[in-house]
Amino acid sequence: MADLIRVPKRVIPDPEADPHLREEWLVTNGLGGYASGTVSGAITRRYHGLLIAALPNPLGRMMMLNGLSERLRHPDHRVVYTGAEELAAISPEHTLPATQFRLEGGLPVWRYEWEGFVLEKRLLLPYRQNTVHVTYYLLEGPGKLRLGLRPAIHFRSHDAPVNSGGPQKYVLTVSDDQFEICSRADLPTLRLLILGPCSAFTFDRKETQSIPYATERSRGYEWQGSLWSPGYFRSDMGAGDRVTLIASAEPWETVRALTPENAVQAELNRRKLLLARSHPQTRTGPAAELVFAADQFLITPAGRVEDAARARAAGDEIRTVIAGYHWFTDWGRDTMISLEGLTLTTGRNNEAGWILRTFAHYIRDGLIPNMFPEGVKEGLYHTADATLWFFHAIHRYVELTRDRTTLQMLLPKLVDIVDHHVRGTLFGIAVDPADSLLRQGQEGYQLTWMDAKVDGWVVTPRRGKAVEINALWYNALRLLEQWLREEHQETRATQLGDMADRVRESFQRRFWFDRGGYLYDVVDAETGGDDSACRPNQVLAISLDYPVLDESRWPAVLDVVTQELLTPVGLRSLSPKHPDYKSKYYGDLRSRDAAYHQGTVWAWLIGPYIDAWLKVHPGEQAEARKFLEGFKPHFDEACIGSISEVFDAEEPYTPRGCIAQAWSVAEVLRCWVKTAPGS
């Protein structure tokens, strides 16, 4: 039996009170897998771990290595621990905090200084491997420093509660220098290897119970769990020595294919190429950080083996976009909004084409998938806007790449999409023949990007004719009209042009809220009447390539949005003047979802805002760039080097939600280029 260790009772840290608990890092592997934690080493989320492997369906992403207890022994036998005291079940007085944390090429580096010793720790995940390398470099030291590393594990889905699964039996198998940990037959094997001077392993099983996860507690989830350890590795390091612990869910031949030095060089070279092929305006400064951040969301989905085989048979590769870390999978809406910033701005045009063709394969009933749930093959289609954003993404791709072949391949599918919308498709999505506007809505579903739902409660249902849905609908009709004319399909193009004319005329008449000087959010709402809530969705009536709103009304709408919704980190989702406005996104799931689109600031909306602003103020790129300045301080909080999903609606605009969000990064990066001098 493993020894049981119970973490001593103490005050559970509060992420609200301790900003260091909100400083996190993220490294990904191009498959959807990742490693993540707090800079301090404290484990506060169910998602914090050193190896979250992306595995074939139905497993999905699995927590394989939760953490390492790191023990340093001085030549005089004094001992300190770095990182999380929770893993070692020791008091904070015996821990050694890092003297520095930094990113080098987007990869995390910790520096520790103690009694003349200077130690650096670095972490990377070799690209497209479910493997992590944790390397310790002793830069200076007055003698031998003994490094002890105790792995801590709890095999589970990365999204499962920290107390899930009950007691598990783990089996350790040792063969020469190779260590394997197994549990149930349906779970993968964790392989461990240590490389360093005078390395050894001590068999010393322990189970640490009642480990607190502070952020899970603050979010209203299960927050106490246990971790098991088979024993600990040790290595005696002198100045100039390095020790690497490798943990992997891959076969041994893959684990040993790269030495730690070769793995580092390969990843650094890959990152140099990312910058080299990216837009020239993104190769230095904050934009370069965002290029590395953008790379984290572009993945080859490990779970969808059949899809990968189909794509390769057609001479393609399968690519998709993780919407956000830690808990999102790939979402159609987020992918299409993010596509330009993540791929075209960063010179990854081929991958943009693969993504578009991948999603085209999944079109059903005139819709692209809203999302692919973790561990399953089929997508869910409950979205009214993702398919319309698909047109936008194709347009930006074709404009840059001139890839007419892909456009010609997709045109029949795009025509079919419009036909489905005209005659009516799933979830009440249909054109109203009276005015050609697009309506949507079905009880129990949230179909727009304002999609919070908890316990059957759709917080902002917006059923009816939503403003951004009709802006996107008009834009899609005009784009398809344009493409059909370019392909000499004049009759159908004229039909679409006539419909677009009716949409535009109806839009001016129905959506203008004269008393407020801005646009209704929803007209012909399900409950009757029109919704005059001042929301950021109206910006899309100006920002898209084919704006549906009459130009004479652009300044008025932009002024209202600027005065009531603009913040340094994006747009509020609801005006503070509205009775349903919530200034803070915090608490349990119901509290958070009640505020998700009722004031909470969304970073991605800064993109459409800047697009609209530059249409009203053409040529004023320098002024537009100022709207991005508020994101610079944010690079040093939440997920270091990335951009969060949402923020509180009032100062200090505390970052919330996912620590790294695809469309947040994509839109800030895209607009950084768009607002560059001479653009």
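The values are calculated or read from the model by the stated rules, or taken from the named source; none is laboratory data. As the structure is a prediction and not an experimental result, all values here were calculated from the model. Cβ placement follows ideal geometry from the backbone for every residue including glycine, while neighbour counts extend to all protein chains displayed.
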Taking the stated definitions as given, is THR406 in contact with a strand residue (DSSP E or B) (Cβ under 6 Å, 6 or more places away or on another chain) and either touching a residue at least 60 places away in the same chain (Cβ under 8 Å) or outside any strand (DSSP E or B) (or both)?
no
Would you be able to tell me the number of residues in the range 565-605 that are in a helix (DSSP H, G or I) and closer than 18 Å to LEU628 by Cα?
3
Kindly indicate whether any position in the range 139-160 is buried (at least 16 other Cβ atoms within 10 Å of the Cβ), basic (Lys, Arg), more than 28 Å from GLU216 (Cβ to Cβ) and out of contact with any Gly (no Cβ under 7 Å at 6 or more places or on another chain).
yes
Considering (1) buried (at least 24 other Cβ atoms within 10 Å of the Cβ); (2) free of Cβ contacts under 8 Å to residues at least 12 places away in the same chain, say which one GLU645 fails and leave the rest.
(2)
Does the range 305-313 contain at least one residue that is in contact with a Gly (Cβ under 8 Å, 6 or more places away or on another chain) and farther than 19 Å from SER642 by Cβ?
no
Do we have PRO251 as assigned by TED's automatic domain parsing to the domain that holds ASP186, buried (at least 21 other Cβ atoms within 10 Å of the Cβ), at pLDDT 95 or above and not acidic (Asp, Glu) here?
no
Quick check on the range 102-109. Is at least one of its residues crowded, with 20+ Cβ neighbours inside 10 Å and assigned to a strand (DSSP E or B)?
yes
Of all the residues that make up the range 1-37, how many are at pLDDT below 95 and of a type in the set (Val, Ile, Thr)?
4
I need the strands (runs of 3 or more DSSP E) fully contained in the range 151-253, keeping only those with at least 2 residues that are within 22 Å of VAL134 (Cβ to Cβ) and touching a Lys or Arg at 6+ places or on another chain (Cβ under 8 Å).
178-182, 200-212, 224-237, 242-248
Meets criteria (under 27 Å from the mean Cα position of the chain (by Cα) and either modelled with pLDDT of 95 or more or within 26 Å of TRP663 (Cα to Cα) (or both)) for LEU519
no
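Give the residue that is nearest to the chain's Cα centre (by Cα), with candidates limited to residues of the range 350-398 that are among the aromatic types (Phe, Trp, Tyr) and closer than 22 Å to PRO461 by Cβ.
Per the stated criteria, the residue is TRP389.
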When you go through LEU496, LEU484, LEU477 one by one, which is the residue that is touching a Phe, Trp or Tyr at 6+ places or on another chain (Cβ under 9 Å), buried (at least 21 other Cβ atoms within 10 Å of the Cβ) and either modelled with pLDDT of 95 or more or of a type in the set (Gly, Ala, Ser) (or both)?
LEU477
Every pair of residues 6+ apart whose Cβ atoms lie under 6 Å, when the first sits in the range 586-609 and is surrounded by 24 or more Cβ atoms within 10 Å (Cβ to Cβ) while the second is part of a helix (DSSP H, G or I) and polar (S, T, N, Q)
ALA603/SER664; TRP604/SER664; PRO608/SER543
Considering only residues of the range 49-73 that are at pLDDT below 95 and part of a loop (DSSP other than H, G, I, E, B), which is surrounded by the fewest Cβ atoms within 10 Å (Cβ to Cβ)?
PRO58
Right, GLU505: surrounded by 19 or more Cβ atoms within 10 Å (Cβ to Cβ), of a type in the set (Asp, Glu), on the phi < 0 side of the Ramachandran plot and in a helix (DSSP H, G or I) or not?
no
Given (1) touching a Lys or Arg at 6+ places or on another chain (Cβ under 9 Å); (2) under 15 Å from ASP403 (Cβ atoms), number of the condition LEU356 does not satisfy:
(1)
Looking at the range 633-640, can you tell me whether even one residue there is in contact with a strand residue (DSSP E or B) (Cβ under 9 Å, 6 or more places away or on another chain) and either in a strand (DSSP E or B) or free of Cβ contacts under 8 Å to residues at least 60 places away in the same chain (or both)?
yes
Exactly one of (1) out of contact with any Lys or Arg (no Cβ under 9 Å at 6 or more places or on another chain); (2) acidic (Asp, Glu); (3) under 13 Å from SER642 (Cβ atoms) is unmet by ASP295. Its number?
(1)
Sole residue being crowded, with 22+ Cβ neighbours inside 10 Å and hydroxyl-bearing (Ser, Thr, Tyr), chosen from THR448, THR491:
THR448
Conditions (1) more than 18 Å from PRO536 (Cβ to Cβ); (2) modelled with pLDDT of 95 or more; (3) in contact with a Phe, Trp or Tyr (Cβ under 6 Å, 6 or more places away or on another chain): number failed by PHE513:
(1)
Among the residues of the range 36-50, what is the count of those that are more than 15 Å from PHE328 (Cα to Cα) and touching a Leu at 6+ places or on another chain (Cβ under 9 Å)?
9
From the list GLN265, GLN296, GLN224, exactly one residue is assigned by TED's automatic domain parsing to the domain that holds LYS169 and within 30 Å of ARG656 (Cβ to Cβ). Which is it?
GLN224
Out of the range 428-445, which residues are under 15 Å from ASP385 (Cβ atoms) and surrounded by fewer than 19 Cβ atoms within 10 Å (Cβ to Cβ)?
GLY428, ALA430, GLN442
Residue count, the range 277-314 (criterion: assigned to a helix (DSSP H, G or I), touching a residue at least 40 places away in the same chain (Cβ under 8 Å) and small (Gly, Ala, Ser)):
4
Checked ALA430, ALA452, ALA360 against criteria (more than 28 Å from VAL646 (Cβ to Cβ) and in contact with a His (Cβ under 8 Å, 6 or more places away or on another chain)); the one match is ALA430
Given (1) hydroxyl-bearing (Ser, Thr, Tyr); (2) within 16 Å of ALA152 (Cβ to Cβ); (3) surrounded by fewer than 19 Cβ atoms within 10 Å (Cβ to Cβ), identify the lone condition not met by TYR221.
(2)
Which ones in the range 543-560 are surrounded by 24 or more Cβ atoms within 10 Å (Cβ to Cβ) and over 27 Å from the mean Cα position of the chain (by Cα)?
VAL548, LEU549
